[in-house]
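First the structure, in the form of structure tokens, and then the observations on it.
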Amino acid sequence: MSEVLVLVEHVDGEVKKVTLELLALARTQGEASAVWAGPGYTPEAQAKLAGHGAEKIYVADAQEITDFVVAPKAELLAQLVAEKSPAGVLIAATPEGKEIAGRLAVKTDSGVLTDAVGLGAGFVAEQSVFGGGVNVKSKVAKGTPIVAVRPNSVAPEQVAGAGAEERVSVALSDAARGARIVERVKEAKGARPELTEAAIVVSGGRGVGSADDFALIERLADALGAAVGASRAATDAGWYPHQFQVGQTGKTVSPQLYIAVGISGAIQHRAGMQTAKTIVAINKDAEAPIFELADYGVVGDLFQVVPQLADEIGKRK
């Protein structure tokens, strides 16, 4: 059975959830092989990858891989593609991941597909395009299939893999050393999950009315253990930071549950969240476009509905 390479997303040695999702997808196409790039590899990381189906783990933990911007990871993957002839390569569809995928496609003379939300037999990728107006199936026609998959597109699976380690070194080209990272500033992390990886997202829109009233959205999110999002209208108004914007010009999320509160459902916003597995809309306007997309809709005043919902969730914990 051919192996499928999965580029591991990790922060301070902690494997990110999207990697576990990619391992589950990889197993549908062949033998899952994780690729660890950069320092921070630990026995705990090995156990987590093996516990989610990684049969092999290629470890390239040289510091210089993360000393430079993006290119070293693409060169590492290109080297492995040349040596191992995998059935395909899976990468998280993050901003960095998509750039790595594009660079790898050029280096290996292969086709690349981004923002996939599913993967069928033979590396046929499912994509949502044109602002979510069209769902398509695409397949790479040349070289090794390289697919960047949106986080939360599939559930991780705990399946024991061999987790056999193989140490790998890569000789970086001068081009890969062209842009060096000179400083890293660690953002203060709150208790809530990261927006693009959260299984549940609660977003507020223009209907919330003010920055102060976003406390309602945060209260509901905290009751559910969810991330907080916002529409473009809310972030443009300064009610919530722009890094939490969900939409075509913001972040794309694909959680198991998406709750849209006071959001009309303009196409710009829908493009960033419509692949969520279950969508709940709360809006006082029964004609709001968001209800066309919602699995469940509540027509009502969010200032009455949201507190009651948060209270009821609290009672059932």
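Values quoted throughout were computed directly from the atomic coordinates according to the rules given, and no laboratory measurement underlies them. For clarity, every value in this text was computed on a predicted model and none was experimentally measured. Counting neighbours? That spans all protein chains shown, and the Cβs are built from the backbone with ideal geometry, glycine included.
Here Lys277 is the anchor, and the lysines within straight C-alpha reach of less than 30 Å, apart from those fewer than 8 places off in the same chain, are Lys16, Lys17, Lys48, Lys98, Lys137, Lys139, Lys189, Lys251, Lys315, Lys317.
Assuming charge only on the beta carbon of Lys and Arg (+1) and of Asp and Glu (-1), the dipole of the chain about its Cα centre is about 340 debye to the nearest 20. Summing charges over all other residues whose Cβ lies under 11 Å from the Cβ of Gly143, with Lys and Arg as +1 and Asp and Glu as -1, gives +1. Dividing the helix sum by the residues of the chain, where each DSSP H run of 4 or more adds -39500 (n - 2.57), gives a mean residue ellipticity at 222 nm of -7500 deg cm²/dmol.
Listed values for the range 138-153 are Karplus-derived 3J(HN,Hα) couplings in whole Hz (6.51 cos²θ - 1.76 cosθ + 1.60, θ = phi - 60°), namely 10, 9, 5, 9, 8, x, 8, x, 10, 10, 9, 10, 5, x, 6, 7, and x replaces Gly and Pro.
The phi torsions of the range 292-307, fed into the Karplus equation with coefficients 6.51, -1.76 and 1.60 and a -60° offset, translate into couplings of 5, 9, 6, 7, 9, x, 10, 8, x, 6, 4, 6, 9, 5, 5, x Hz, rounded to whole numbers, with Gly and Pro shown as x.
Could you sort 304-314, 251-261 so that the peptide with the highest average Cβ count within 10 Å comes first and the rest follow in order? Provide the component values of the computation, followed by the final result.
Values: 304-314: 14.9, 251-261: 24.0.
Highest-to-lowest ranking by the protection proxy: 251-261, 304-314.
Give the dimensionless ratio obtained when the Cα radius of gyration of the chain is divided by 2.2 N^0.38 Å. Kindly include the intermediate steps, with their values, before the conclusion.
Details: Rg = 20.7 Å, N = 317, 2.2 N^0.38 = 19.6 Å.
Ratio of Cα Rg to 2.2 N^0.38 Å: 1.05.
Computed from point charges on the beta carbon alone (+1 for Lys and Arg, -1 for Asp and Glu), the dipole magnitude for the range 200-315 about its Cα centre is near 340 Debye.
Give the relative contact order (percent, whole number) for the range 169-243; include only Cα pairs under 8 Å separated by 6+ residues. Each step should come with its number before you reach the end.
Numbers: 70 pairs, mean separation 23.5, N = 75.
It comes to 31 percent, rounded to a whole number.
Computed from point charges on the beta carbon alone (+1 for Lys and Arg, -1 for Asp and Glu), the dipole magnitude for the range 3-167 about its Cα centre is near 580 Debye. From most to least packed by mean Cβ count within 10 Å, the peptides 287-294, 40-47 give 287-294, 40-47.
Put the Cα centre of the range 9-39 next to the Cα centre of the range 161-226 and the gap is 16 Å.
Between the residues Ser210, Ala223, His269, the greatest Cα displacement towards the positive end of the dipole of the range 200-315, with unit charges on the Cβ of Lys, Arg, Asp and Glu, is found for His269. In the range 3-167, taking the dipole from charged Cβ atoms about the Cα centre, the farthest positive-side position among Thr144, Tyr58, Pro95 is held by Thr144. Put simply, the amide H of Glu3, placed in the peptide plane, has neighbours under 5 Å in Glu31, Ala87, leaving out anything fewer than 5 places away on its chain.
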